[in-house]
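Reading through the structure tokens given below for one structure.
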Ligand code: ARG
């Protein structure tokens, strides 16, 4: 750098910024991705200044043309980014001034980088929330279609990862669908607090120009102007909330991932993950690793970490803007990229999941999964449930000893445990009988799964 001080704010300085400090305090490497939002915000601001009589129509037109050219230079990779110009806002403003002369310098009238950056981030997050919402819907559609196809597929349901009762695979997939429905709602709700316009708050106190904050808010598609200028330039709670919402989604995705990893193992052998979502081992030729679910499970770490970073970043910050806030961007952007990547991989992979129906059924037959059905059967015959529980417990102990599941025992063998057991017992000991009997809203019966799929489809179609 020459002896010259910074063009944008160097008036009161007697020496240029230290070269390392310039790099250390710059955000251009990571905030340049907000160029579109920055330009959009500037155009809205210029139009409003024109309406307010601060800029002439010609000046406004020159600004708009200049900014449009800058946008295409950036998109063509021709823009000369400068670390000395610190951030996206000053890079673009300096380029504009270079292009259109001193009119470019008028753009920053009645505005500060403090409200400008807050505006840019909110626009950026809002757009990405919309992208995330459509990816969640795409994943949910995949789950719904698969659940419909798997409404009759029987697998063991688990508690404590021990075989509990038979369930349908479709029902299990719809549990994931429900988790994602709540994540979707959380993003919709987060968006309401993101989509508020800080523009016009200026540095911290507002501005002396006759600005029209409603106009810029409307032009940028915000719901309303922020109420308080000090709050508008300083708070990043919308970013924290976005990361919190994302952390819950990431947590849900670790649960799906964990199950897919287990199910794809030789020990469970419940699903086949398409080869294109897996990788092999360089040493063990037999391996097919479930990389996508594993990585999605692992990516939760960085998402939770970013939430913690932002909470810590904002802790104890006095009003109003502080340079600390520049640190909001990397955690926020990485959260966005990570969540979009995880959703995209899952939305692509889920429709291609293949269930191994025979293996699932076989596993459900093992492990006495219909023991509760036998207890319910005895209860229907008049036995108190606790006594029935005891009787079935004894038959299970016998089955373990004889290596026989309940349905494999003869009527005579079963009757040793209770004289109430009759030939009709075998209807409840079958897997099909067991799942079909759980026939109420939220139950695992195949017809309930089909009904839930119809409700789910209606909901998706209404989005
Ligand atoms: N690059 C800054 C940021 O990301 C922009 C706002 C800087 N404002 C200031 N007065 N230093 O937060």
Answer check: segment 277-321, Cα atoms, Kirkwood Rh, Rg/Rh ratio of 1.40
The residues 400, 240, sorted from fewest to most surrounding Cβ atoms within 10 Å, come out as 400, 240
Taking only the Cα positions of segment 1-88, the convex hull volume per residue in Å³ is 119 Å³
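Helix-derived [θ] at 222 nm for the chain: sum -39500 (n - 2.57) over DSSP H runs of at least 4, divide by residue count, nearest 500? Walk me through the numbers on the way to the answer.
Values: 20 runs with 281 residues, N = 463.
Mean residue ellipticity at 222 nm (helix-derived): -19500 deg cm²/dmol.
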Note on segment 193-257: the mean projected area of its alpha-carbon convex hull, in nm², is 5.2 nm²
Compactness summary of segment 403-463: radius of gyration and Dmax from Cα atoms, Å, are 17.8, 57
Of the convex hull enclosing the alpha-carbon atoms of segment 227-277, the direction-averaged projected area in nm² is 5.4 nm²
Using the Kirkwood formula on alpha carbons, the hydrodynamic radius of segment 225-359 in angstrom works out to 17.1 Å
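Return the percentage of antiparallel bridges among DSSP beta bridges fully within the chain, rounded to the nearest 5 %.
So the antiparallel bridges in the chain amount to around 80 percent.
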One point scatterer per Cα, no solvent, Debye formula: log10 I(q)/I(0) for segment 339-391 at q = 0.17, 0.24, 0.27, 0.31 Å⁻¹ comes out as -0.67, -0.87, -0.94, -1.03
If one compares the long axis through the Cα atoms of helix 88-100 with the longest principal axis of the Cα atoms of the chain, the angle in degrees, nearest 10, works out at 40 degrees
Over the Cα atoms of segment 299-450 the radius of gyration and the largest Cα-Cα distance (Dmax), both in Å, equal 26.8, 81
Taking alpha-carbon centroids only, segment 413-463 lies from segment 57-79 a number of Å equal to 64 Å
Assertion target for 243, 278, ordered by fewest C-beta neighbours within 10 angstrom first, is 278, 243
Distribution output for segment 92-232: share of Cα-Cα pairs per 10 Å bin in percent, first bin at 0, values 11, 25, 21, 15, 12, 10, 5, 1
The alpha-carbon center of segment 244-302 and that of segment 10-44 are separated, in whole Å, by 41 Å
Packing-ranked peptide list from 187-198, 219-230, highest mean Cβ count within 10 angstrom first, is 187-198, 219-230
Convex hull around the C-alpha positions of segment 254-308: the volume in Å³ per residue is 94 Å³
Volume per residue (Å³) of the convex hull spanned by the alpha carbons of the chain is 201 Å³
Row for segment 358-448, column shape: gyration tensor on C-alpha, a ≥ b ≥ c, rounded if a/c < 1.5 i.e. under 1.5, prolate if a/b over b/c, else oblate; value oblate
Against the 2.2 N^0.38 Å rule of thumb, the C-alpha Rg of segment 284-374 sits at a ratio of 1.81
Most exposed first, judged by fewest Cβ atoms within 10 angstrom, 277, 270 run 277, 270
extent check for segment 24-141: Cα max minus min per principal axis, descending, whole Å, gives 52, 35, 27
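Read-outs: derived from the displayed coordinates by stated rules, not from any lab. The structure presented is a predicted model; accordingly, all values stated were derived computationally and were not measured. Here Cβ is always computed from backbone atoms with ideal geometry, including for glycine, and neighbour counts include all displayed protein chains.
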